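Engineer: First, the structure itself, so that you have it in front of you.
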Amino acid sequence: MIGFLRGAVDSVSADFCFLDCNGVGYRVFIPESTRGKLVVGNVIKLFTYLQVREDAMLLFGFFSKEEYDLYILLLNVNGVGPKLALAVLSAIGPNEFRSAIAQQDLAVLTKISGVGKKTAERMIVELKDKVGVIAGIINREDQHFGDVLGTVESSDAAQALISLGYSRNEVSQVLRKLDLTLSTASLIKLALKEFMK
């Protein structure tokens, strides 16, 4: 099984990309979220799942390990195959999917192309114990994060810090110590000083 590929993006189409790995071009089917992160010529790593059929071998790739892990969970649901699982991840993000499962929100799930009521119900029943607890933690963290980031300035600063690689929890804890009425630049500067301590 091919666990991941690292190579240069050769081309990107609607639902797949070609990845050049040392002169070998792999066609990898990708969700919309991954497609949006690919730039032709850039070297990237995709976590992959290989589907072996009688008539074909198909590779499915994901930019993040989180999406890959969720994809594998979806494949364990009765009636969900590789392409439908990919359609789910193209339609909604991992956090939104987990929330829908935890809240048993059929309306969100049945809006996904190819997911009917029965399939959505199976997803909820078979995945609620696997992703429901995680969703609850994420929702509480999001709520706490939102409480701390009450102003536009602090929210912009938080997003900048997250983009630098700090976790939401780390950013939340540091920003709670600061004057959130300061400018974005000041908040980022002070937060970075706190991280360096």
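The values are calculated or read from the model by the stated rules, or taken from the named source; none is laboratory data. For clarity, every value in this text was computed on a predicted model and none was experimentally measured. Cβ atoms come from the backbone with ideal geometry, glycine included; neighbour counts cover every protein chain shown.
Engineer: So which residues in region 97-118 are over 16 Å from Leu70 (Cβ atoms), of a type in the set (Ser, Thr, Tyr) and not in a loop (DSSP other than H, G, I, E, B)?
Structural biologist: Thr110
Engineer: Would you check if Val88 is within 28 Å of Met123 (Cβ to Cβ), touching a Pro at 6+ places or on another chain (Cβ under 9 Å) and surrounded by 13 or more Cβ atoms within 10 Å (Cβ to Cβ)?
Structural biologist: Judged against the criteria, Val88 is a match.
Engineer: I'd like the full set of residues that are aliphatic (A, V, I, L, M) and crowded, with 16+ Cβ neighbours inside 10 Å, limited to region 179-193.
Structural biologist: Leu180, Leu182, Leu187, Ile188, Leu190, Ala191, listed by residue number.
Engineer: If you don't mind, another one. What pairs can you find where one residue is in region 60-82 and touching a residue at least 12 places away in the same chain (Cβ under 8 Å), the other is of a type in the set (Gly, Ala, Ser), and their Cβ atoms are less than 6 Å apart, with a gap of 6+ or different chains?
Structural biologist: Sorted first by the residue in region 60-82, then by its partner, the pairs are Tyr71/Ala85; Leu74/Ala85; Leu75/Ala85.
Engineer: Give all pairs with beta carbons closer than 7 Å in which a residue from region 1-28 that is assigned by TED's automatic domain parsing to the domain that holds Ala56 and over 15 Å from Thr48 (Cα atoms) meets a residue that is buried (at least 16 other Cβ atoms within 10 Å of the Cβ) and among the aromatic types (Phe, Trp, Tyr); count only pairs at least 6 apart in sequence or on separate chains.
Structural biologist: Qualifying pairs under 7 Å: Asp10/Phe18; Ser11/Phe18.
Engineer: Can you list residue pairs whose Cβ atoms sit under 7 Å apart, with the first residue in region 168-187 being closer than 28 Å to Asn95 by Cα and assigned by TED's automatic domain parsing to the domain that holds Ala157 and the second being of a type in the set (Phe, Trp, Tyr) and buried (at least 17 other Cβ atoms within 10 Å of the Cβ)? Count only pairs 6 or more apart in sequence or on different chains.
Structural biologist: Going by the 7 Å Cβ cut-off, the qualifying pairs are Arg168/Phe145; Ser172/Phe145.
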